[in-house]
Amino acid sequence: MRRPYALVLLAPLVLVLAACGGQTSAGPAAPGNNVGTQLSSAVPASILNLPLTDSTGKTVHLADFSTKVLVISDSMTLCQETCPLDTASIVASSRAVNAAGYGKDVQFLTITVDPERDTPTRLAAYRKLYDGPANWSTLTGSAKDVHRLWKYFGVYWKKVPDGVPAPKDWLTGTPLTFDIEHSDEVFFLHRGTEKFVLDGVPHITGGLIPSKLRSFLSASGRKNVDHPSKLAWTIPQALQVVGWLVGHPMKSPTS
């Protein structure tokens, strides 16, 4: 079990932590605690080497990206409340990083919390909806390995009955029989060390969500788009964290 998140609040430590992120003193400042939670926690090899599977069926590990800034979000293809927003934010951020010329230095991973249903084939269909860039991957794995991964990172998940009437799968049209309640986080790693966490649902415009998934949103999901929480994180904030870790500011895709 990982230790609880600990905010870094002392200003004299900022320069030291920035250096751990691989940037020079002239690079962007570390994001404040108004953005998210700053950490410096080495991820054990047992987690970094868990076998996961991407949308092409290829086996990958977090350790494969050890030289890059790694941005990891939890998600599932059949989520109606938060995941379409979270994924849209991740994809938009990956495009902004590419536009800044740092696409080879940053890898974005969307890893399911629903390995029972999220097969590589489903992930490929989901990825196609977003038309995502090469530095964004969608991953699944065995239930044992996926649950071990999320337990380490502190992501809550629970299998629950679905609503009545049951929503229909956006891909197959089949009525769904269960849902997965889960927390929403985005984790930023650099050289095997967890550096920052964004918590909760992002604030984005509905236009960034593929039309098929906008139609799949529940009333709660539509509310998350139209009336976001005041605590919702944003794409510019995600890019601020990435910029801090690579040592170069990142512009928002809308700026």
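Only the coordinates and a few stated rules stand behind these numbers; no lab work does. Computed from a prediction, not measured in an experiment: that's the story for all the values here. Don't worry about glycine lacking a Cβ; one is built from the backbone with ideal geometry, like all the others, and counts go over all protein chains shown.
Descriptive notes on the structure:
- Relative packing of peptides 159-167, 108-116 - highest average C-beta neighbours within 10 Å first: 108-116, 159-167
- With a Förster radius of 41 Å applied to the C-beta separation of Glu181 and Asn33, the computed FRET efficiency comes to 0.95.
- Local electrostatic count at Pro84 - Lys and Arg +1, Asp and Glu -1, tallied over other residues with Cβ under 11 Å: +1
- Inverse of mean 1/r across different Cα pairs in segment 66-139, Kirkwood, Å: 12.4
- Using the Cα coordinates of segment 11-246, the gyration tensor eigenvalues translate into equivalent-ellipsoid semi-axes of 29, 20, 16 Å, sorted from longest to shortest.
- Hydrodynamic radius of segment 23-68 per Kirkwood, over alpha carbon pairs, in Å: 13.6
- Farthest positive-ward along segment 11-246 dipole, Cα basis, beta-carbon charges - from Thr177, Phe153, Ser211: Ser211
- Here the sum of -39500 (n - 2.57) over DSSP H runs of 4 or more residues, divided by the residues of the chain, equals -8500 deg cm²/dmol at 222 nm, to the nearest 500.
- Relative contact order for the chain: 29 percent, from Cα pairs under 8 Å spaced at least 6 residues apart, divided by residue count.
- Note on Lys223 and Asp145: the extension gain reaches 24.8 nm, defined as 0.36 nm multiplied by sequence separation minus the Cα-Cα distance.
- Averaged over residues, the count of other Cβ atoms within 10 Å places the peptides 214-220, 173-179 in the sequence 214-220, 173-179, highest first.
- For segment 186-228, projected area of the alpha-carbon convex hull averaged over all directions, nm²: 4.0
- Sorted by Cβ neighbour density within 10 Å, fewest at the top, the residues Lys168, Lys195: Lys168, Lys195
- Considered as an equivalent ellipsoid built on the Cα gyration tensor, segment 170-255 has semi-axes of 29, 17, 13 Å, the largest given first.
- Computed E for Ala166/Ala99 - FRET, C-beta separation, R0 35 angstrom, nearest 0.05: 0.30
- At R0 = 45 Å, FRET efficiency that the Cβ-Cβ distance of Asn49 and Leu231 yields, to 0.05: 0.85
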